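Below is one structure, written out as structure tokens; comments come after it.
The values are calculated or read from the model by the stated rules, or taken from the named source; none is laboratory data. These figures come from a predicted structure and were not determined experimentally. All Cβ positions, glycine included, derive from the backbone under ideal geometry; neighbour counts span all protein chains shown. Side chains included, ligands, DNA and RNA excluded: accessible areas come from the protein's heavy atoms. Shrake-Rupley method; radii C 1.70, N 1.55, O 1.52, S 1.80 Å.
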Amino acid sequence: MSETKEPEFDWSQAASLLGDDPSQVADDMAEIVRELVDSAEVQFKDLRAKKIETERKEIGSLAHQLRGCLLNFGFIEVGAILLHVEKGDYAAVEYPGLLDKSEAAFIASRKMLGARYPSLKIS
């Protein structure tokens, strides 16, 4: 996360999908974001259930899918960490820490998005 302790986030990407009025996000788009958040939480659990020693390919695939979905809505820092999970050369013992870091960035980003766009009704 940045020096301000907030994860890097692409607000222009979010605005391109959510609109310019944070209090008036279209209901269908708000539902998509809520589904994205719920799905991401499940995918993080799925990643945690994988064994890095034997399931690197599956981990890479899951991290790739999650990264793509989140980047579409502006979650830049989470995407960068997930790219490392997907393609990085790291020791197996580093995997849990990378997941912790990516999930923490996701939670902080989700809270920032919910605060800026209250009509999404996420926190």
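If you go through region 78-110 and keep only what is among the aliphatic types (A, V, I, L, M) and outside any helix (DSSP H, G or I), you end up with just 91.
How many residues are outside any helix (DSSP H, G or I) and basic (Lys, Arg) when one looks only at region 10-61? Step through it out loud before you land on a result.
From region 10-61, those outside any helix (DSSP H, G or I) are 10, 19-26, 50-55; that's our starting set.
If we keep only those that are basic (Lys, Arg) too, we end up with 50-51.
Qualifying residue count for the region: 2.
Could you pull out the residue among 14, 26 that is under 14 Å from the mean Cα position of the chain (by Cα) and either modelled with pLDDT under 95 or under 21 Å from residue 122 (Cβ atoms) (or both)? Outline the logic, then answer.
Numbers: 26 fails: under 14 Å from the mean Cα position of the chain (by Cα).
The conditions single out 14.
Name the residue that is most open to solvent (accessible area, probe 1.4 Å), counting only residues in region 20-67 that are among the small types (Gly, Ala, Ser) and within 20 Å of residue 115 (Cβ to Cβ). The selected residue is 23.
State which residue pairs qualify: first residue within 19 Å of residue 123 (Cβ to Cβ) and inside region 29-50, second residue surrounded by fewer than 14 Cβ atoms within 10 Å (Cβ to Cβ) in any location, beta carbons under 8 Å apart, and separation of 6 or more residues or different chains. Correct list of pairs: 30/121; 34/121.
Within region 111-123, which residues are open to solvent by 50 Å² or more (accessible area, probe 1.4 Å) and assigned to a helix (DSSP H, G or I)?
Here is the first cut: in region 111-123, the ones open to solvent by 50 Å² or more (accessible area, probe 1.4 Å) are 111, 115-116, 118, 121, 123.
Hits for region 111-123 are 111, 115, 116, 118.
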